[in-house]
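The values are calculated or read from the model by the stated rules, or taken from the named source; none is laboratory data. Quick caveat, the model's predicted, so the values are computed rather than measured. Here the Cβ positions follow ideal geometry from the backbone for every residue, glycine too, while neighbour counts run over all protein chains shown.
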Amino acid sequence: MGWIQDLVEPKARQWEEFYRNRWQHDNVVRSTHGVNCTGGCSWAVYVKDGIITWEMQQTDYPLLQPGLPPYEPRGCQRGISASWYVYSPIRVKYPYMRGALMDLWREAKAKHADPILAWGSIVEDEQKRTRFQRARGKGGFRRATWDEVLEIVAAACLYTAKKWGPDRVFGFSPIPAMSYLSYAGGSRFLQLFGGVNMSFYDWYADLPNAFPEIWGDQTDVCESADWYNSKYIISMGSNLNMTRTPDVHFISEARYEGAKFVVIAPDLSQVAKYSDWWIPIQAGQDTALWMAVNHVILKEFHADRQVPYFVDYLKRYTDGPFLVMLEKDGDHYRPGRLLRANRLARYRDVENGDWKLLVYDQQSDQPRMPKGTVGFRWSDEKGKWNLKMEDGLDDSPIDAVLTFLGQQDQVAQVAFFEFAQGQTSLRGVPVKYIDTSEGRVPVTTAFDLLIAQFGVGRGLPGDYITSYDEDAPYTPAWQEQYTGIGRDTVIRLAREFAGNAEATQGRSMIIVGASINHWYNNNLSYRAPITALILCGCCGRNGGGMNHYVGQEKLTLVAPWNSLAFALDWVKPPRRQQSPTWHYVNSDQWRYEGDFSDYSPIPPETRWAKGHAMDLETMAVRMGWMPFYPQFDRNSLDMVHEAEAAGAKTDEEIIRRVVGQLREGKTRFAVEDPDAPENWPRVWIIWRGNAIQSSAKGHEFFLRHYLGTHDNAVADEHAKGKVKTVTFREPAPRGKMDLVVDLNFRMDSSALYSDIVLPAAFWYEKNDLNSTDLHSFVHPLSAAVPPVWEAKTDWEIFKAFAKKVSELAPSAFPFPAKDLVAFPLMHDTPDELAQTEPRDWKAGECEPIPGKTMPHLAMVERDYVNLYNRFISLGPLLRKDGINGNGVQIPIEPFYDQLLQNPVGGSPDPRHMRCVEWDGHKYPCLEDALDAANTLLHLAPETNGEVAYTAFKHEEERVGLPLADLAEKARSVRMTFLDLTRQVRRTLISPCWTGIVNDGRPYAAWCMNIERLVPWRTLTGRQHFYLDHPYYIDFGEHLPTFKPKLDPRKTGDIVTSPVDDQCLVLNYITPHGKWNIHSTYKDNHRMLTLSRGMDPIWINDKDAERIGLQDNDWVEVYNDNGVVVTRVAVSARVQPGTCLYYHAVERTIYIPKSQIRGKRRAGGHNSLTRTRINPVELAGGYAQFTYGFNYWGPIGIMTRDTYAVVRKLEKLEW
């Protein structure tokens, strides 16, 4: 019997009408999906009688330049199942409240007329507070009304601000680029309130730290159409067929045009099967392979012969020719700092002389100060921040010397430390002596140090390599022990890669994904292949470069969005938290490890690279390197009142008093005592993300320390006696969070553990904007139907929060209140010149100076009574201060005034804008998401050609070179939301981004730097091989190097968990799944049908045979952090010693009980992880090493370095 059978009158064929009815529609709306898959695909959503029936790919993308294949059809077999969620059984249809909390709330309301006092009566009673905390994750939700949930959320926020401080209210939402306004509604509310936005790109371990290290940029990559321009493409850690499905056709088309496609991957993945050459590397050993590749490239393309294109590229666009001082260390030298211009008599008095660097000029035979370094960026003298190779003092031309070989004054023996064996090699390096204010000092070039680091001798004395067959770092023979790849393969790969770059002038490309970035030493895993690209002149070329696709991070309309989303039009600075360090501290995962140097190799005789990571985290906070909220062990509002009561009359006097209290120890940073109740985070609002499961590294510790509910962790604590600057309280607190609120369209794991769940609109039920780095178009999310049941859009929900806060505020905050905000030394500001040397004021090494040796301290006014009015109005600070994106300042006064010409009132419109009036003033209106969308489109240089032209003209003043011509042809272009719904539009060229997209040219990173000589936002203004931050030198990462994978015997994941001959101990890896919408949405019947109805754990067939496992057997996978129970998928494609558990698993479906953990319900993929931080990535206060939200800091690691025990399940119990 088929799907349908006509039993009454078969000859009438009425079943055909049934089939036709299924595909009928009366409306088609363009929309897309708010998921973090980077696809950003345009979909036609079909509607019949007000019901969404199905979706189909749009096929009307504008073409790029002639000769490039078209983009469409975009969309994948997962995305086309999205409409299932709209009417699914797991749809959150109404507001829900945990039953235990509802009972307590209604009882409190009966006793207290003021909702704020009612909330206080609950959370101040430990018995009541514990009662509803322990119910978290155990069901028991009851349907509530919108009025009731809005009141309790507003009351909790206001109570927290009054009692503890507004910086105890936190919000987490990921990836704004997937739905700009849905994110911005929550962040705008939080910043107007004084709360804290938590970062996401770093916490997801999507942030490639090597990009800030080398380029001073969060991430910049080519769009997928540019793959077609490459002639040699290497994919590493990126399963393009599975995770880049809409784009992978460009690889096929590039191969057709003659490109070679190489895949470096441990398993025979979909993309490996698709390649011309598969290199089956051992998991996590990519760094070793690329270090050997670099050895070959340096020897054959730079030492044995010099490729003119490569040499010219290194001299002009890298730090290779910059001078590095050598420091005496016994009978040899060590690499030191870059030589500063003001150390020479010629440049003694130049502005920012500590931040202007030197090269050696071939013509004058003297050191010279090239333009473009960070000192020129922030100098009062404008027009010299460019890459023209000219002396910044007198504009004389410079011919920079790349190497001193053959013209050296001496050959010095320099020490190079190798981490795998813990050995130091002494190698001869050519040096010159320079007369400085500190005497005569030996210097060499960064390139000379680089080539020595890789053991390429060039006829110099010392511990140099003599053959590729020598088993010494970093030869092709040496890497075999780590990668399992033969030396001949590596030699061939290096020759092909560099040879193609030589022949094509840089059209060799690397595509990289999360599987590389999630290892502990992720930055080194990226620096090694990036070094190869730079040595071959591939970055800043169409068809070349390092292209990292992990997360839909490209917020194309970044400049106006920053101001709108973080309420910079009304208040600044915002409170924005670096999430990996925050979770490491507040979820108490720091308590479960000892010194980081127990498992991570460090050089001998270090100053900072030792001890417990928690001590380095607190140092980073007090020195202004990293943000941390809550800020202090006191309410920031009360601190202002107390200062005023003590006689402080100005903001400066208040700040001076706080600095004195910190110096004397009367006030402490909260991070120094994170388990004290006054320092706990109290309210957590989650929207657009699964913060308690899919992104919760250390999920079981979240349950224990944040939520105070049941967990499956059995790990012991190890930090006692190890931490030196942090108070270790016993016992560790359980249940820090007073209230957890989740906005969601489905009942996922975060909703399951929240106290209040609010019904959010689905992607096809709201108006919003979407962009991605995989293409250069801006997409709309359009409301095909209004939100179903009682759902509301995120913008409307946070607007309702704002309104309720303003209604309740008079009882707690009848007048505007002053708030003291601490924030770190910031990237793309003069803070990049703050600290020439790391000095800790608490250790007496310097004075505490806000914004210099410690965090900035600023006064902000909180107007809670008018919070709603401010939420729906674009404030005047935007007109006054302009907007900023990626370090580019854009004056927008005339464009703001154009907005004020719109009428007051009226209905939201996809084409027209409007204004709002209150308190006697008129403002551009943000009441509806359509208002906000059109405001962004009006103010963004990427969608308004006149703004782009204005931005380039303004940037010309700083750079000193013509730029505005790039936007001349686009000056008349304007885009509205209505335009986008008719056809997706390609974004315009913008100084906020480094690609050049004119005339249909595909976007590729750094083209603006190479072709228009705009510097990178780094210390030298160039791409960096050498990182001379003293902290990096101390950690031994000043040059690209290799640090081995962490030893599972030292990381402490399996200590108390039982291990015997009936189990396997495997490297536990959690890649992106195949049958999900992105990695998150797999609780979808259509997806589950294609994946065994659940997520199995994949292991190698030989490993399975060792303990008698058959395909589809039930297994327990566990370690000290938690436990997973699932089926096993046995496959030869998986490497022995590893297991793959695709994320993200929900605790709401197919989770049996664990036998090894006392028959408690097992967990999800993050139940086996425990987060750490790599403390080298705390470095700050120095050029590109300054904080930016989602730009810099440790990432959420240990999803690759984790090990787990696999054992056959004894008994299946549900």
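Structure values in brief
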quantity	calculated
Filtered residue count, segment 693-716, keeping only those that are at pLDDT below 95 and aromatic (Phe, Trp, Tyr)	0
Enumerated helices (runs of 4 or more DSSP H) restricted to segment 857-930, each holding at least 2 residues that are surrounded by fewer than 21 Cβ atoms within 10 Å (Cβ to Cβ), more than 30 Å from the chain's Cα centre (by Cα) and without any contact (Cβ under 8 Å) to a residue 24 or more places away in the chain	893-900
Unique residue being closer than 18 Å to Tyr87 by Cα and touching a residue at least 40 places away in the same chain (Cβ under 8 Å) when the list is Val785, Val805, Val741, Val778	Val785
Wholly enclosed helices (runs of 4 or more DSSP H) of segment 567-678 bearing at least 3 residues in contact with a Lys or Arg (Cβ under 7 Å, 6 or more places away or on another chain) and surrounded by fewer than 20 Cβ atoms within 10 Å (Cβ to Cβ)	none
Segment 305-340, residues that are hydroxyl-bearing (Ser, Thr, Tyr) and either surrounded by fewer than 21 Cβ atoms within 10 Å (Cβ to Cβ) or on the phi > 0 side of the Ramachandran plot (or both)	Tyr309, Tyr333
Within segment 363-383, tally of residues that are over 16 Å from Ile1010 (Cα atoms) and in a loop (DSSP other than H, G, I, E, B)	10
Those helices (runs of 4 or more DSSP H) lying entirely in segment 474-554 with at least 3 residues in contact with a strand residue (DSSP E or B) (Cβ under 6 Å, 6 or more places away or on another chain) and in contact (Cβ under 8 Å) with a residue 40 or more places away in the chain	487-504, 522-535
Whichever residue in segment 157-216 is among the polar types (S, T, N, Q) and part of a helix (DSSP H, G or I) and, among such residues, is nearest to Pro1040 (Cα to Cα)	Ser187
Selection from segment 1171-1214 of residues that are modelled with pLDDT of 95 or more and β-branched (Val, Ile, Thr)	Thr1171, Ile1173, Val1176, Thr1186, Ile1195, Thr1202, Val1205, Val1206
Answer residue from segment 270-306, given it is outside any helix (DSSP H, G or I), farther than 21 Å from Gly484 by Cα and not charged (D, E, K, R) and is farthest from the chain's Cα centre (by Cα) among those	Gln306
Residues located in segment 529-550, provided they are under 14 Å from Asp773 (Cα atoms) and in contact with a Pro (Cβ under 8 Å, 6 or more places away or on another chain)	Met546, His548, Val550
Subset of segment 761-792 [in contact with a helix residue (DSSP H, G or I) (Cβ under 6 Å, 6 or more places away or on another chain) and farther than 14 Å from Ser31 by Cα]	Leu774, Pro787
Ile797 being in contact (Cβ under 8 Å) with a residue 60 or more places away in the chain, closer than 17 Å to Trp570 by Cα and not hydroxyl-bearing (Ser, Thr, Tyr)	no
For Ser990: the one exception among (1) buried (at least 22 other Cβ atoms within 10 Å of the Cβ); (2) of a type in the set (S, T, N, Q); (3) farther than 23 Å from Phe566 by Cβ	(3)
Any chance Asn998 is at pLDDT 95 or above, over 24 Å from Ile890 (Cα atoms), in contact with a Lys or Arg (Cβ under 9 Å, 6 or more places away or on another chain) and not aromatic (Phe, Trp, Tyr)	no
Positions within segment 337-362 being assigned to a strand (DSSP E or B) and farther than 22 Å from Phe1185 by Cβ, in sequence order	Tyr360, Asp361
Check on Arg78, among the basic types (Lys, Arg), in contact (Cβ under 8 Å) with a residue 24 or more places away in the chain and in contact with a strand residue (DSSP E or B) (Cβ under 6 Å, 6 or more places away or on another chain)	yes
Hits in segment 479-513 - residues which are of a type in the set (Phe, Trp, Tyr) and either surrounded by fewer than 24 Cβ atoms within 10 Å (Cβ to Cβ) or not assigned by TED's automatic domain parsing to the domain that holds Ala254 (or both)	Tyr482
Test: Val1130 is closer than 26 Å to Ser269 by Cβ and in contact with a strand residue (DSSP E or B) (Cβ under 8 Å, 6 or more places away or on another chain)	yes
Only listed residue being over 27 Å from the mean Cα position of the chain (by Cα), surrounded by fewer than 19 Cβ atoms within 10 Å (Cβ to Cβ) and at pLDDT 95 or above, chosen from Pro816, Pro830	Pro816
Residue satisfying all of: in segment 18-64; in a loop (DSSP other than H, G, I, E, B) and free of Cβ contacts under 8 Å to residues at least 60 places away in the same chain; nearest to Phe745 (Cα to Cα) among these	Asp49
Segment 230-245, subset more than 20 Å from the chain's Cα centre (by Cα) and surrounded by fewer than 24 Cβ atoms within 10 Å (Cβ to Cβ), residue nearest to Gly543 (Cα to Cα)	Lys231
Segment 795-820: number of residues that are part of a helix (DSSP H, G or I) and touching a Ser or Thr at 6+ places or on another chain (Cβ under 7 Å)	1
So Lys766, is it buried (at least 24 other Cβ atoms within 10 Å of the Cβ) and under 23 Å from Trp84 (Cβ atoms)	yes
Single unsatisfied condition, Thr650 versus (1) closer than 19 Å to Ile1173 by Cα; (2) of a type in the set (Ser, Thr, Tyr); (3) free of Cβ contacts under 8 Å to residues at least 40 places away in the same chain	(1)
Matching entry among Glu502, Glu438, Glu496, Glu470 (being of a type outside the set (Ser, Thr, Tyr) and modelled with pLDDT under 95)	Glu438
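Here's the yes/no breakdown for (1) touching a helix residue (DSSP H, G or I) at 6+ places or on another chain (Cβ under 8 Å); (2) surrounded by 17 or more Cβ atoms within 10 Å (Cβ to Cβ); (3) of a type in the set (Phe, Trp, Tyr):
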site: Ser437; (1), (2), (3): yes, no, no
site: Thr444; (1), (2), (3): no, yes, no
site: Tyr474; (1), (2), (3): yes, yes, yes
site: Ala477; (1), (2), (3): yes, yes, no
